[in-house]
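All remarks here apply to the structure that follows.
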Amino acid sequence: MQAIQQSLNALLTSMPPPPLDKATLDSLVEQTLSKAQSGANPESWKNQWEFVLRNAVFDLAATEGKALKDPKTTYYDQLNDMLDMVLTFTEHDACDQVFPFTVLQDLLEAQTISSCSHIFSWIEARAERLTEGMVPQKGKALVLLRTLNDLLRRLSNTGATTIFTGRILTFLSRVFPLGERSGVNLRGEYGPVWDGPGTKGQEREKASATEKQEGENGEGEKDKDKMDVDVEDEKAKEEQAANAAEKRRKEKEDFYYTFWGLQLPFSRPPLFAEPGTFAAFKEAVSKVLPVIKEATAKDRALMGNKSNGIPTGPSGPLKRKRAAGVPESAAKSEYYFAKYLTSPDLLDLEIADTHFRRQFLFQLLILLHHLLTFTKTAKATWASTRNRSLQIDFTLDTADAQWVQETITRATEELRQTSPNGRAFSETVQVILEREKNWVKWKNELCTPFDREPWREEIEVDGVKRKVGLEEATEGVRKKMRTDPEPWPHRYGSAPLTEIWEMGYRDLWDLQQPFQPGEVKDFVKKIKQEDARIEMRKKQLTKQAERIAAARAKAAAVKDGAAAPGTPAASSVVPNSASATTVTTSASQDSLSPPKPNPSLSAPVPLHPSLPAKPGSTPVPESAAASPARVSTPNPLPPAAPSTPTPAPATPVPAPADPTPIVLPPDAQLARYEENKQRWAWLALRMARDQYWQHFGKIGTGDIIQLQQEIENAKLEREKAAAAEAANAATASPAPPAAEEANSSHVIFALQQTRRYKVISIDNHHNSSPKALERVAKLAREALPADASEQDKDSAEIDGHTADLTKPDQIRAVFAKYGKGGIWGVVHIAAYKAVGESTEIPLTYYENNVAATVYLLQVAGEFDCTRIVYSSSATVYGTPPIIPIPETTRLEAHSPYGKTKVMCETIISDLCAAEPKRWRGLSLRYFNPAGAHPSGDIGEAPIGRPGNLFPLLAAIAVGRQPNDLKVFGNDYPTPDGTCVRDYLHVLDLAKGHLLALDALAPESTAFDDCPTDARYKAYNLGRGQGLSVLQIVEAMRAETGFDFKYEIVGRRRGDVPDLTADPALAEKQLGFKAEKDLKTMCRDLWNWQTKNPKGYDSD
C-alpha cells in the first residue's frame, strides 16, 4: 500500500500544469503502473489503487470551502485532472469499471450545487469514455442512473436550477433508452404526509373548549351585571356587535382549518379508501372554491381600475420580490426550500396572492385527474395483479365521477380567469396534465418497453433476399426525384385555371357571374348597354372619317382644278383592311352573323351544343358540334370594293356619282365592346341552359332578346293558369308540403308504443289533417294487450289542441292546463319546409319557424318544461365540403328555410349555455325521410304536386299526377350522373326521437363529454348510404310495377351532387341505427298510397 501511495504521489508531482491531454496522461499512468507492479499483490492490486485514488480526490474536495473564497482559484481545474486520472487508471484496468461512478456519486453528495454543475460539465465532456461498454440496468449504468436521480431530487428543493436540471435530463435521454424505468416509482410510494393545520383535531377541540369556558364566564359576569345595573341600549348594541365579531372569527377559523386540511388528501391519496374521506373532501372543496373565485374577481377588478389610471391597493402578488440585479450566487445560502406559512393571520393575504391561488388550483387538478383513474370503468383498463402496489381500495361511483368532472371544469375556468396571462397558464396546465395521463398509463402498465427497431424492408437482389435499411430501400425513389420533371402541360398552373383563362375571363368579377348569374333580363340589359356603346363609338368614328374625307376631297378638288379645270375630282377612299368596319348611311340590322368558322382549324368542343364558342377561342366547326347560338347584334354590311380614280367621260356634264361608303379603320375600343358583348351573351346562355332549356329551340341562332321575350311569355301563361286554378280551388293559397305532418304522426305513434308517455299535440292544421291523429290513436289502441292498465289505456289517447305557435297566449293556455312541471319535455317538429317557397316569402318563414320557436321556449320555461328535442334539417350544411357529412361541418345554409333551422339551433344552444342547470336540448338533423307505417293507415299526404321524390313517384303511380318526371341533371360526379341523397325510413326517424328523449333524462350520460356546462348537442339522422335519383326510380318501378317515364333536363339551381350523412355520432352516443332498407321504404309507401290515393281525404 505504501509503495502504491508513493507511486501516486510521484505521479501527481510529475504532472504538467493543466489542462492535460489524454495522450500525455495515458503515458504517465502506464509508466506509474509498470513501476508499481513489481512486488505488488495481484489480489489486492485494484483495491489498493481505488483506496489511494479516492483519498486523493476527497483530500482535494475538502478544500472546496477555502478555494471558493479565492477569486483566482484553480480548484475546478485540479478536480477535473483528478477525475481524469481516476478514469484513466480505470481504462488501464487498475480499478473496477464501476469505480469512477462511485467516486462521482460520493463527490456530488459532498459538493455544493455550484460545484456539482462543474462536475457535471466534466461528465458531459467525458460521456463517450464513461459510457463505453455500458449495459442498461446493469453494473455502472445503475450507479450512474442512481447518482443523477439523487442529484435531480436534490435540485428539486432548490431555486433557479431549471437549466441544470434540463442538462441532466438531456444527458440521461442520450445515455439510457426511452423505456428505462429505474427512476419510476413502481411501488406506489407518496411523499411526506401533511402534518400542518387541519390534522390535529385535538388542538381545535382544546381551543373550542377554552373559548366556550371564556364565553360562559363572560355570560356569568354579564348576568351579574344585569342583576346589579340596568343595561342601557348602548351596551346592548356593543354586545350585538361583539357577538357578530365572534361569529365571523369562528367562521374564519373554520375556513382556515378546512383550507389547510385539504393538503392531507393532496399529500396522501390512499386516504380516500377510508370511509367518509371523499365526502369530507367534496364538502371542503365546495367551501374553498367560492372563496378562490371571489378573490380572483376582486383581483381582476383592481387590475381593471389600475389600468384605467385609478390608484388602488396592490392587486398583484403580495409576496416580497427579490431585489433586481442581485445574482443568485450572492445570496447567503445556495439552498432554497419552499415552505407554507400556515398562520391564521396570513391566510387572507395568501389567498389574495395570484401565485398562491394557482398553486392550490394546480394541486386540486392533479388530485382530481388522479381520482378519475379509479372509476369502475377506468380501473378495469389498468388494474391487474401485477400492479397491486399502485392500487387503492377505492372506487369512484358515477355521481361522484360527475362531480369530479364538473369540479375540474370549474377549477380550469378559474385558472383561465386568474390574471395575468390566465388563458396561457391554463392551457399550459392542460397540456401538462394531458401528457401526464400518458405517463401514468405507461406506469400502470409497469413501464412496458416502447423502443422500436430500425425500419427494415426485405428486397431481392439477383435472386437473393436480404433486409436493407431506409436509405438503401428508397435509393431508386430518391434518384427519380432528382431527375428533371417533364414540362407542365397546363400553361397557367392547372387545367381548370388554364381553361378559365382561355375562355376569356380576366378578373374575379368575371368568375362570379356564372355562379351568381341573376336573370336573363339582366344580361339583356348589359348587352343593350354594349350595343349603345358600340353605336356611340361608331358615330364618333364616322364623324371623324367624314371630316377627313371632306378635307381630302376639298384638297384634291383644289389641286385638280388648278391642273385641269372642268375635270371632276376623284373620290377619296381609305384603303380597306381585313379588320376594317364599313359604315353606310343605311340603318343597321338587328342580327349579327359571326364569321364562318374554318373547318380546317381544330378547336375545343363547347360545354354544350347550344352555347357559342368560348370568348377568345376559335369557333367550333359545324361538323364537330351543333350550330352555336348567336347573339343578335347590329350587322355591318360587307365592305365595298375600293373605287379607283378614272378619267372623266368626254361629255360636257358628268353623271352624278353614287354615295361613297366610308370605311372605318380598325379600332381597339370597338373590338373590346364587341368582345364584352359576346361574353355577356355566352354567360347568359350558360346560365339559361339549366332553367330555360325548353326555350332554346325557339330562339333561332341564339338571340338573347328573343329568349327573354319567350321567358316573359311563358311566365304570363303560368300566371294565367295559376289564376284559373286558384279560382276553381277551395282555398286561395297553396299550403307547404306535408312532410312535417308525416314525421309528427309517426313520432307520436312511436311515443305511444312505449306506453311511457302521454302525448299532447299542438297543431294549427295549416298543412295537416286532424284525421292523422285519429288514426294514430286507433293504432295505439289496437296494440294494447288484453290486460292493459289504465295508464296504458290513457297513453293510447292523444290530447289534441288546435293552437298557433306564433301566438304566445295560445301556447300558454295549453301549458297552463297541465300546470308547472306537468309537461316533461317538448318535441318541436312544426315548421314550414319548402325550400323554393322560402325564397319567395322569407319573412313568413322567419316568423313561423324562428319566432314560433322563441315563443315556445319562453312559455315552456315559464312552466319548468326545460327539455327539448328540435327537428332540424340537413339543409343547415348548405354545400358540404366533405362527404359523408359529420356534425362538425360548418353551418352554411343557402335558403331561408335552412337559415331558420340554423337560427333555431343557435337559439336553443344559447339558451342551454345561459342556463345549464335547467335546460337540456338536442337537435336532430334529418336527411330524407321516406316510407310510411306498414299498416298503411298513416303516411305523407302532400297538398298539390309533391315536392319530394318518393311521394311524387307514388302519386304518379297511383294516377294522381301525370307521368312526366323530370330528372335535373345527369352529369354529376356520381355513379349514374344523378344527384345522390341519404334516405331513411320514417319509423327509423321516429325511433331517433325516442332515443333523443332518453338522452335528456337526468341519469343520461350523453352530455358528459360536453366541453362546457351547456347541455346541448346536435346529431345527424340518416343511414349513411347515398342513393341516386335513378336508383329510387328503379326501386319504385320494381315495387309498383309502374313504367315511370322520365326526362333528363338541365341541372336545377341550388342542387349539390351528394348529401350523405355520417351517422356515427348518433350511433355511438344515442344507439341510433336506421335498419330499414330501400325496399322496405318503397313497399310501405306504396301500401299507404294504394290504400289512401287521396291522402286522408280518401275516407
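For the residue pairs Lys250/Lys287; Lys917/Lys1068; Lys293/Lys379, the alpha carbons lie more than 21 Å apart in Lys917/Lys1068; Lys293/Lys379. Run the Debye formula on the Cα coordinates of region 747-887, all scatterers equal and no solvent, and tell me log10 I(q)/I(0) at q = 0.11, 0.16 1/Å. Each listed q corresponds, in turn, to -0.52, -0.98. Looking at region 739-1098, what % of the alpha carbon pairs are farther apart than 38 Å? That tail contains 14 percent of the Cα-Cα pairs. At the listed q of 0.25 Å⁻¹, the Debye profile of region 75-119, built from one uniform point per Cα, gives log10 I(q)/I(0) equal to -0.90.
Over 13 Å, how big is the tail of the calculated P(r) for region 1017-1066, in percent of all Cα pairs? For region 1017-1066, the share of Cα pairs beyond 13 Å comes to 71 percent.
Charging the Cβ of each Asp and Glu at -1 and of each Lys and Arg at +1, and nothing else, the dipole of region 928-1079 about its Cα centre rounds to 480 debye. The label point for Thr131 and the one for Glu847, both projected 7 Å from the Cα toward the Cβ, are 7.9 nm apart.
Compared with the direct C-alpha span, the chain from Arg1037 to Ile432 gains 211.6 nm at full extension, assuming 0.36 nm per residue. Which links in Lys793/Lys1079; Lys539/Lys677; Lys778/Lys901; Lys35/Lys66; Lys807/Lys1094 stretch past 24 Å when you go from one Cα to the other? Lys793/Lys1079; Lys778/Lys901; Lys35/Lys66; Lys807/Lys1094, as the Cα separations exceed 24 Å there. When peptides 110-119, 22-31 are sorted by average Cβ neighbour count within 10 Å, with the highest value leading, the order is 110-119, 22-31. Here the label points at Ala551 and Phe1044, each 7 Å from Cα along the C-beta direction, are separated by 7.5 nm in the simple model.
Of all lysines in the structure, the ones whose alpha carbon falls short of 25 Å from that of Lys479, not counting any fewer than 8 places away in one chain, are Lys465, Lys467.
Annotation: peptides 1010-1017, 491-498, 102-109, ranked by per-residue average of other Cβ atoms within 10 Å with the highest first, follow the order 102-109, 1010-1017, 491-498.
If we sort 466-479, 705-718, 753-766, 73-86 on the protection proxy, mean other Cβ atoms within 10 Å, highest first, what's the order? If you can, show how the numbers build up before the last one.
Working: 466-479: 10.9, 705-718: 15.2, 753-766: 16.9, 73-86: 18.4.
Packing order, densest peptide first, comes out as 73-86, 753-766, 705-718, 466-479.
For region 2-175, a crude dipole built from +1 on the beta carbon of Lys and Arg and -1 on the beta carbon of Asp and Glu, taken about the Cα centre, is about 500 debye to the nearest 20. The overall shape of region 65-189, judged from the alpha-carbon gyration tensor, is oblate: a/c is not under 1.5, and a/b is no greater than b/c.
Each value in this text was obtained by applying a stated rule to the coordinates, not by laboratory testing. Source: prediction; values computed, not measured. Glycine also receives a Cβ, built like all others from the backbone with ideal geometry; neighbour counts cover every protein chain displayed.
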